[in-house]
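Let me begin by presenting the structure, written as structure tokens, before commenting on it.
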């Protein structure tokens, strides 16, 4: 199991380096005067949006594929392998950007987080907090000798928290999309993140995943074999 975690970690760190390298190239292309500042968004109306969407989908598919190769049967462990990779990847993505270009500049600096179904926006520290949760929970599940399971109640609590977090990331971009479309992002400067929604959502995610760590599935009953008389 330690060997499996080691290679999942190496894969995620390498993927993060690849992702960061692409972003550095994009920043040099679209923000040659100052790669430290990405707002207003310069590439919102270009072909690169489609390319970026494809790259994001491909990244998720690759990590899902590795998760299914690492854990072939148990849904909880497959999910753990996926989110563990995702967490390590996201954390090291920002670490590589810090190494390459010295960004993020501040703890609460805004970033373009994702593009599906429209642009996700928020302080970069928010996805990193979620990534830390994924790394801790996924690492515990994958390295534990106990039969840890996500029950339906745990799953729904986690989903509720994830939805709240998702809304907090989508709402800044939604206002722009509804009023100005993609063109509006060429003038958009972020502000006013919904912390009041993200924080409860994050706590629900912790609760949903954490509940699965304090229970184990019932072991199969032991059948006593009849003793053979001497």
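The values are calculated or read from the model by the stated rules, or taken from the named source; none is laboratory data. All figures in this text were calculated on a predicted structure; none of them were measured in a lab. Heads up, the Cβs are rebuilt from the backbone with ideal geometry, glycines too, and the neighbour counts pull from every protein chain shown.
Listing for the model above:
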{"quantity": "Residue check for residue 78: in a helix (DSSP H, G or I) and surrounded by 15 or more Cβ atoms within 10 Å (Cβ to Cβ)", "calculated": "yes"}
{"quantity": "Scope the range 137-155; condition farther than 17 Å from residue 63 by Cβ, assigned to a helix (DSSP H, G or I) and in contact (Cβ under 8 Å) with a residue 12 or more places away in the chain; matching residues", "calculated": "140, 143, 153, 154, 155"}
{"quantity": "Check on residue 78, under 22 Å from the mean Cα position of the chain (by Cα) and modelled with pLDDT of 95 or more", "calculated": "yes"}
{"quantity": "Options 53, 97; residue that is within 30 Å of residue 199 (Cβ to Cβ), modelled with pLDDT of 95 or more and assigned to a helix (DSSP H, G or I)", "calculated": "97"}
{"quantity": "Check on residue 72, within 24 Å of residue 136 (Cβ to Cβ), assigned to a loop (DSSP other than H, G, I, E, B) and without any contact (Cβ under 8 Å) to a residue 12 or more places away in the chain", "calculated": "yes"}
{"quantity": "Residues (under 26 Å from the mean Cα position of the chain (by Cα) and part of a loop (DSSP other than H, G, I, E, B)) located in the range 173-191", "calculated": "188, 189, 190, 191"}
{"quantity": "Flag for residue 103 being closer than 25 Å to residue 19 by Cβ, in contact (Cβ under 8 Å) with a residue 12 or more places away in the chain and part of a loop (DSSP other than H, G, I, E, B)", "calculated": "yes"}
{"quantity": "Selection status of residue 26, in contact with a helix residue (DSSP H, G or I) (Cβ under 9 Å, 6 or more places away or on another chain), at pLDDT below 95 and either part of a helix (DSSP H, G or I) or surrounded by fewer than 13 Cβ atoms within 10 Å (Cβ to Cβ) (or both)", "calculated": "yes"}
{"quantity": "Test: residue in the range 62-70 that is loosely packed, with under 14 Cβ neighbours inside 10 Å, over 30 Å from residue 144 (Cβ atoms) and under 17 Å from the mean Cα position of the chain (by Cα)", "calculated": "no"}
{"quantity": "Residue list for the range 109-119, filter: in contact with a strand residue (DSSP E or B) (Cβ under 8 Å, 6 or more places away or on another chain), touching a residue at least 24 places away in the same chain (Cβ under 8 Å) and either buried (at least 18 other Cβ atoms within 10 Å of the Cβ) or assigned to a loop (DSSP other than H, G, I, E, B) (or both)", "calculated": "110, 111, 112, 114, 119"}
